[in-house]
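Asker: Got a structure for you, written out below as structure tokens; questions coming shortly.
The values are calculated or read from the model by the stated rules, or taken from the named source; none is laboratory data. Note that the structure is predicted; figures quoted are calculated from it, not measured. A quick note on method: Cβ atoms are made from the backbone with ideal geometry, for glycine too, and the neighbour counts reach across all protein chains shown.
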Amino acid sequence: MSGPYAVPSDRLERRFQEKNPPLAPGAARREAERCLYCADAPCITACPTRIDVPTFIKRIASGHVRGAARTILEANVLGATCARVCPVEVLCEGACVWVREDRPAIAIGRLQRYALDEGATPGLLPQAAPSGKSVGLVGAGPASLACAGRLALHGHSAVLYEKRGLPGGLATTGVAPYKFRTEDALREVDFVRSLGVTIRTGVTIGEDVTVDELLATHEAVFLGPGLGPDSRLGIPGEEGPGVVGAVEWIERMKNGEGGSLENVERALIVGGGNTAVDAARALRGLGVPSVQFAYRRSEREMKAYDHELWAAKQEGAVVLDRTAVAEVLRRGGSASAVRLVHTDGDGKPTSREIATIPMDLVVLAIGQARLVELVRRFPGVELDARGRIVADPVTGRTGNPRVFAGGDARNGGKEVVNAVAEGQAAADAIDSMLRGES
């Protein structure tokens, strides 16, 4: 891929076929014509960004694809990303009235992708005149990108500060490759840049730019740094080759540093959420013969979406529930086996052993650390007991009236579309403040 954020063309993620390939124009129009254009459309209320789904679909049906794209982007500036990564099965499509009739839901996600692939052209969205006001945004993930894009449309200068070399946050580094490729995420980043947003990569707040400098340079600041490193188990043998965090492994695999899996015959995923399932399906897709989950509670309590877990099992992944890893055994420094124990009713490990089984790779998908130290640098910004930024649920304003927040650092780790919704709401609140309206 060419451009300011190039990634290797031979990375592992390119081995995967897209889960939902793009619709051809005729297929898109036929699918759009199935929509009933409900007056009280439940698909709208199911979308955190409140996209007017019936209107954009009707415009596709009538051949007005550019208008469809405008309808989407006015509600969700990262609509192309959300079209691909949103769990539409439990959001807009899950709410479709056709589901109540035991008929297939309208393919809203694929229609949204079609509208933006075909209709999102330069100058599509009107922008206000420059206000002369500036906002600094910490992090360049979906929350910050959405906030910056909306701020630019309001006429304000938006500057994102990202410590990584690639912007986009988890949309770039952490989404399963069969859903969303890195170059697609970077294309969305380029769209936001085209609105006049500035992105500075390789910048660490507190080191390269101090908090005082940030607050002195900008009239307002938005905190959207996401989450920190993968959490660890704290067990013997955990440190060393063969044990890796799920988010870290997915990032390596997507962006060209995944390493060889030639000697990996058996992989164990510790955890039961959507990231765990993404890692398991990716490993199976890359040809690892045995992929298992070790989950501390019952299978029915796994936090992954049912349809995703079902797909992982169909692809050959096996669930070991009420199971914990007590130790990683090593041979010659490399992981060679894991010692498994039963868990109690609260999901805590017990001394009752299950077995010691050979294992070449252990992937930890048990959550991510909070960026507590970064957030505490900002005066007046508080954290709750779980390390999340405390902010107004509507505006995203923190205890510091000039500092707003959104995304995983605020909500603890929800969907990309939730981060987008929070970022855009904060942008509107910042706009009101900068114009002296609040």
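Asker: Filter the strands (runs of 3 or more DSSP E) completely within the stretch 329-398 down to those with at least 3 residues that are free of Cβ contacts under 8 Å to residues at least 24 places away in the same chain.
Answerer: Where strands (runs of 3 or more DSSP E) fall fully within the stretch 329-398 and carry at least 3 residues being free of Cβ contacts under 8 Å to residues at least 24 places away in the same chain, they are 334-343, 349-358.
Asker: Can you pull out the residues in the stretch 87-114 that are in contact (Cβ under 8 Å) with a residue 60 or more places away in the chain and either assigned to a helix (DSSP H, G or I) or charged (D, E, K, R) (or both)?
Answerer: The answer is Glu89, Val97, Trp98, Ile108, Gly109, Arg110, Leu111, Gln112, Arg113, Tyr114.
Asker: Which of the following residues is within 30 Å of the chain's Cα centre (by Cα) and at pLDDT 95 or above: Pro358, Pro379?
Answerer: The unique qualifying residue is Pro379.
Asker: To continue, here is another question. Only one of Val325, Val375, Val381 is closer than 30 Å to Pro142 by Cα and out of contact with any Ser or Thr (no Cβ under 6 Å at 6 or more places or on another chain); which?
Answerer: The unique qualifying residue is Val375.
Asker: Which members of the stretch 271-322 meet the condition of being β-branched (Val, Ile, Thr) and over 18 Å from the mean Cα position of the chain (by Cα)?
Answerer: Scanning the stretch 271-322 gives Val288, Val291, Val318, Val319.
Asker: Something else about it: If we only count helices (runs of 4 or more DSSP H) wholly inside the stretch 1-71, which ones have 1 or more residues that are within 29 Å of Ala427 (Cβ to Cβ)?
Answerer: 42-45, 53-61
Asker: Looking only at the stretch 401-412, count how many residues are touching a helix residue (DSSP H, G or I) at 6+ places or on another chain (Cβ under 9 Å) and either assigned to a helix (DSSP H, G or I) or surrounded by fewer than 24 Cβ atoms within 10 Å (Cβ to Cβ) (or both).
Answerer: Total satisfying the criteria: 6.
Asker: Which of the residues spanning the stretch 252-296 are buried (at least 21 other Cβ atoms within 10 Å of the Cβ) and part of a helix (DSSP H, G or I)?
Answerer: Met253, Lys254, Thr275, Ala276, Val277, Asp278, Ala279, Ala280, Arg281, Ala282, Leu283, listed by residue number.
Asker: Separate question: Just to verify a result, which residue in the stretch 7-27, among those that are hydrophobic (A, V, I, L, M, F, W, C) and free of Cβ contacts under 8 Å to residues at least 60 places away in the same chain, is surrounded by the fewest Cβ atoms within 10 Å (Cβ to Cβ)?
Answerer: Ala24
Asker: Looking at (1) in a loop (DSSP other than H, G, I, E, B); (2) hydrophobic (A, V, I, L, M, F, W, C); (3) touching a Leu at 6+ places or on another chain (Cβ under 9 Å); (4) under 29 Å from Leu434 (Cα atoms), which is the one condition that is false for Ala129?
Answerer: So Ala129 meets the others, but not (3).
Asker: Mind listing just one residue for me: the one in the stretch 160-202 that is outside any helix (DSSP H, G or I) and of a type in the set (Lys, Arg) and, of those, surrounded by the fewest Cβ atoms within 10 Å (Cβ to Cβ)?
Answerer: Arg200
Asker: Restricting to the stretch 141-159, give me the number of residues that are of a type in the set (A, V, I, L, M), in contact with a strand residue (DSSP E or B) (Cβ under 7 Å, 6 or more places away or on another chain) and either part of a strand (DSSP E or B) or farther than 15 Å from Leu195 by Cα (or both).
Answerer: Qualifying residue count for the region: 2.
Asker: Any idea which of (1) in the same structural domain as His342 (by TED's automatic domain parsing); (2) touching an Asp or Glu at 6+ places or on another chain (Cβ under 8 Å); (3) over 20 Å from Tyr178 (Cβ atoms); (4) surrounded by fewer than 21 Cβ atoms within 10 Å (Cβ to Cβ) is the one Ile235 doesn't satisfy?
Answerer: (1)
Asker: Test Gly333 against the stated conditions and say whether it is more than 20 Å from the chain's Cα centre (by Cα), farther than 22 Å from Leu233 by Cβ and of a type outside the set (A, V, I, L, M, F, W, C).
Answerer: no
Asker: Is at least one residue of the stretch 61-80 modelled with pLDDT of 95 or more and within 23 Å of Ala311 (Cα to Cα)?
Answerer: Taking every residue of the stretch 61-80 in turn, none turns out to be modelled with pLDDT of 95 or more and within 23 Å of Ala311 (Cα to Cα).
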